[in-house]
Amino acid sequence: MENTLYQYWPIVRRPRLELPGGARVAFWVGINVEHFLLDKPSTSITPVTAHLVPDPLNYGWRDYGPRVGIWRLMDVLDRLGMRASVLLNADVCHYYPEIVEEGNQRGWVWLAHGKNNSTLQANMSPEEERSYLTDVVGTIKQRTGKQPRGWLGPALSETFETLSILADLGVSYTCDWCNDDQPYPMQVRQGRMISLPYSIEVNDIPVALDRGLPAEQFTQMIKDQFDQLYAEGERSGRIMAVALHPFIIGQPFRAKYLEQALRYVTGHDKVWVTTSDEIADWYYANYYEEARRQIEAARAKYA
C-alpha cells in the first residue's frame, strides 16, 4: 500500500540546517522509563521462564530499572550536567512517582510512551485508541505538570490513526520511525507533526539483547555514530539520539561505559547538548513551513 504518513525527501536535496550556536550535531539522551504488567510476557533476558506467571527471573530483571538503574543514570547525567528526555509510560506516574519528582527537579522533559510497556495499541479501533491515548496524555500532563509534546510508542508501535489522534491531543513530534538524521514533517489530518530522529541501533536493547555485545562495544558504537554525524554536520546539521533503558544500561557493569561515551560526545565543541523538546521547537521555528513547501514542490515535480 502507498505510504500516506510521510513523503520521500532525500537528505541531499534539503536546505542546509543551521543548528543553534553553529553546532554540527544536536545530541539528546532518551531514557525509557517503563512499567510492565506482572502477568504478561515482555522484554526478557531469557525465554526459558518467559511463559511463567509470575516470572520472577525476567520481571525482576526489568524491575531493576525503576528501583535502582534509573537512579544510577541520574547520577551519571548529573555529573555531566545533562538533562534527559524521558519516554514515559503513564503508569510510571502512579507506581513510581519519585522518579517523576526527581526528574522535574532536574528539568527533564517527558514524552508520552503509552500506558505501560505490556500494552500495544496496534490492533485498537480508532475509538479505542483515541480513548487510550487521551488517558495516556492526560495522565502524564496531570502527574508531571507538563503537556507531553513528543511520542514514542511501546515497541515503537502505532496504528494509521495514531499520529492524527496525538496531534489533536497537543503532541507535535514522534520518534517511532527511525529513518532519518534530521527532523521532517509527517502528514496528519489536522494540526502538525514532525518525526524526530531516534535510534533503533544506538540503543541498548538491540545491542545487549539481540546482538549480545559487551558494554564496551556500545561505547564504541556511540563514538562512531557521533564521529560520522559530526563530520557530515559541517555541511548541514544532524540530530543524534542515544536510546537507553535503566534495567539494561543501568546495570553496574555497564554504567561506566555509558559515562565514557557521553564524556566523549560532550568533550567536542560545536555540539548542542539538548532535549528532544528543544530540538522540535527549533525545527518548528526555523524550518517546518519551508520543509513542507519543498516536499510539496518535489512531489509535484516527480508526479
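None of the figures in this text is laboratory data; all of them are computed from the coordinates on show. These numbers were taken from a predicted model, which means no experiment stands behind them. Glycine gets a Cβ as well: all are built from the backbone with ideal geometry, and neighbour counts include every protein chain shown.
Give the total of Lys-Lys pairs in the chain with Cα-Cα distances below 17 Å; include a pair only if its members are 8 or more places apart or on different chains.
5
Which whole-Hz couplings ³J(HN,Hα) result when phi for each residue of segment 215-220 is put into the Karplus expression 6.51 cos²θ - 1.76 cosθ + 1.60, θ = phi - 60°, listed in order with x for Gly and Pro?
Values, residue by residue: 4, 4, 5, 4, 4, 5 Hz.
Can you sort Met124, Met240, Met1 by how many other beta carbons sit within 10 Å, fewest first? Walk me through the numbers before you get to the answer.
Details: Met124 17, Met240 22, Met1 4.
Neighbour counts put them in this order, fewest first: Met1, Met124, Met240.
Note down the relative contact order for the chain as a percent, whole number, built from C-alpha pairs under 8 angstrom at least six residues apart. Each step should come with its number before you reach the end.
Values: 512 pairs, mean separation 82.1, N = 303.
Worked out over the chain, it gives 27 percent.
Give, as ranges by residue number, the residues of segment 14-51 whose backbone N falls under 14 Å from the point 7 Å along Cα→Cβ of Glu278.
19-30
If I model a spin label at Asp39 and Ala300 as a point 7 Å from the Cα along the Cα→Cβ vector, what separation in nanometres do I get?
A separation of 5.8 nm, rounded to one decimal place.
In debye, nearest 20: dipole of the chain around its Cα centre with unit charges on the Cβ of K, R (+) and D, E (-)?
The dipole of the chain has a size of about 600 debye.
For Leu17, enumerate residues with amide H under 5 Å from its amide H, sequence gap 5+ or separate chain, H modeled in the peptide plane.
Under 5 Å from the amide H of Leu17: Gly237.
When only alpha-carbon atoms are used, what values of Rg and Dmax, in angstrom, describe the chain?
Rg, Dmax (Cα atoms, Å): 19.0, 58.
At 7 Å along the Cα-to-beta-carbon direction for both Arg292 and Glu18, put a label point, then send me their distance in nm to one decimal.
2.3
Rank the residues Val33, Val76 as a footprinting-exposure proxy: fewest other Cβ atoms within 10 Å of their Cβ go first.
Fewest-to-most Cβ neighbours within 10 Å comes out as Val76, Val33.
I'd like the distance between the alpha-carbon centres of segment 22-44 and segment 107-147, rounded to an integer number of Å.
If we compute the Cα centre of each part, the gap is 15 Å.
Among DSSP beta bridges lying fully in the chain, give the percent that are antiparallel, nearest 5. Intermediate results must be reported in sequence, preceding the final value.
Numbers: 2 of 26 bridges.
In the chain, approximately 10 percent of DSSP beta bridges are antiparallel ones.
Taking the dipole about the Cα centre of the chain, with the C-beta of Lys and Arg at +1 and of Asp and Glu at -1, give me whichever of Tyr230, Thr4, Ala112 is farthest to the positive side.
Positive-end residue among those listed: Tyr230.
Mind putting a number on the dipole of segment 185-290 about its Cα centre? Charges go on the C-beta only, +1 for Lys and Arg and -1 for Asp and Glu, and I need it in Debye to the nearest 20. Each step should come with its number before you reach the end.
Values: 10 positive and 15 negative charges, 42 e Å.
The dipole magnitude comes to about 200 debye.
Taking neighbour Cβ counts within 10 Å as the exposure measure, how do Glu128, Glu259 sort from fewest upward? Walk me through the intermediate numbers first.
Numbers: Glu128 12, Glu259 17.
Arranged by neighbour count, lowest to highest, Glu128, Glu259 become Glu128, Glu259.
What area, in nm² and to one decimal, does the C-alpha convex hull of segment 47-154 cast on average over all directions? Intermediate results must be reported in sequence, preceding the final value.
On the way: hull surface 31.6 nm².
Taking a quarter of the hull surface, the average projection is 7.9 nm².
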